[in-house]
Amino acid sequence: MKPPARAAGRSIHILNTGGTISYGAPSEGGATLTFSPDRILDGLGIPGRAPYREVLRKGSVDMGPADWQAVGAAVRDAVAEGADGVVVFHGTDTMAYTAAALSLMLSGLPVPVVLTGSMRPGGAADSDAPRNVRDAVCVAATADLAEVCVVFSGDEAGTGGVILRGSRVRKIHSGALNAFVTPNHPPLGFVEGATIRYGQGARVPRGPRGGVGFFPEIDPDVCLIRYHPGCTAASVAGVLARAHGAVIEGTGLGHLPTEGGILEAIRESGKPVVLVSACWQGGVRLGLYDIDRQILAVENLIPGHDLTPEAALVKLMWVLGRERTVAGVRTRMQAPVAGDLTPV
């Protein structure tokens, strides 16, 4: 497998956090977290131009807000050390949360920050890790991007990679190689061999080097609630009593029941509750039905437009790290920070 074009002339920093890409080939008892994915870099032929660092080594199911902060600090340091691009190896199950967190915590990036991983253990003979790493390094080295993105296989055959905005990404399949999409945003681009083909959407281009802003403050005491038939006001009230805020997935355009007391439980909590849609496409759009007036009348219920549930959860944690008033949280949540939502 050939290294990406021009990668040898640029310094690409590789940060590992663990995940499937760091698992060895499956054996009796299951695969273990014992594979060193820098061996994949050796196979690509660019180890001398790819400083490698293990920030963490854990499955992504164990990743949490403190880990996001550690990875963000490592990215900031890599850019300060002169990296022309940064690649972060990460497990796929919670990659969307970490990508959203890095998108919010890091500002003024002059180069791409690319998350990738694999669906099959990195040490397995049939792993998709080498092609994903190749594509991620290609983007980090050559793409005219300066934002956080996810690069992963664009199809099950692994014939090319897709570049997705980090603040918009979602995992859609538990086993397919093309496991990621951005439901409400077009891909930033595609990797076709050693060539980058850009998508139709706007992107942040590379810029001059300067001080990268790093804003890691976060309040992890936020919960995600999914409304469903049978969900009770008591259960919603119980969750809100134990949290500083919440994201709630409503049905369709962002609807919650006007009977049963759920809206009242949200109002009485006094805590910021961000409303997103459980639908993959579209987003919250209130005002078309008469019941919407009752939903919109709840002062601390904040429509989240087309934020994904993952991005909404992380963003609320991040906003609560610097703002506590409901009015202030509303303003910050509804303003795009890293291309995370489409303003109404």
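A compact table of results
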read-out	value
Check on Y23, touching a residue at least 60 places away in the same chain (Cβ under 8 Å) and among the aromatic types (F, W, Y)	yes
Sole exception among (1) under 12 Å from the mean Cα position of the chain (by Cα); (2) surrounded by fewer than 21 Cβ atoms within 10 Å (Cβ to Cβ) for Q69, by number	(1)
Qualifying residue in the stretch 139-149 (condition: part of a strand (DSSP E or B), in contact with a Ser or Thr (Cβ under 7 Å, 6 or more places away or on another chain) and not acidic (D, E))	yes
Some residue of the stretch 287-297 being under 22 Å from T182 (Cα atoms) and surrounded by fewer than 23 Cβ atoms within 10 Å (Cβ to Cβ)	no
Any hit, the stretch 47-61, residues being out of contact with any Cys (no Cβ under 8 Å at 6 or more places or on another chain), part of a loop (DSSP other than H, G, I, E, B) and at pLDDT 95 or above	yes
Yes/no for V326 being surrounded by 13 or more Cβ atoms within 10 Å (Cβ to Cβ), more than 23 Å from the chain's Cα centre (by Cα) and assigned by TED's automatic domain parsing to the domain that holds L256	yes
Selection from the stretch 159-182 of residues that are touching a strand residue (DSSP E or B) at 6+ places or on another chain (Cβ under 8 Å), part of a loop (DSSP other than H, G, I, E, B) and at pLDDT 95 or above	G166, S167, V169, I172, L177, N178, A179, T182
Qualifying residue in the stretch 244-257 (condition: exposed (fewer than 12 other Cβ atoms within 10 Å of the Cβ), aliphatic (A, V, I, L, M) and either closer than 25 Å to T20 by Cα or assigned by TED's automatic domain parsing to the domain that holds I302 (or both))	no
Number of the condition not met by S167 [criteria: (1) loosely packed, with under 14 Cβ neighbours inside 10 Å; (2) within 30 Å of V298 (Cα to Cα); (3) of a type in the set (S, T, N, Q)]	(1)
Unique match (being among the hydrophobic types (A, V, I, L, M, F, W, C), in contact with a Phe, Trp or Tyr (Cβ under 8 Å, 6 or more places away or on another chain) and part of a strand (DSSP E or B)) among L41, L15	L15
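The values are calculated or read from the model by the stated rules, or taken from the named source; none is laboratory data. Note that the structure is predicted; figures quoted are calculated from it, not measured. Cβ coordinates were reconstructed from backbone atoms using ideal geometry, including for glycine residues, and neighbour counts include every protein chain displayed.
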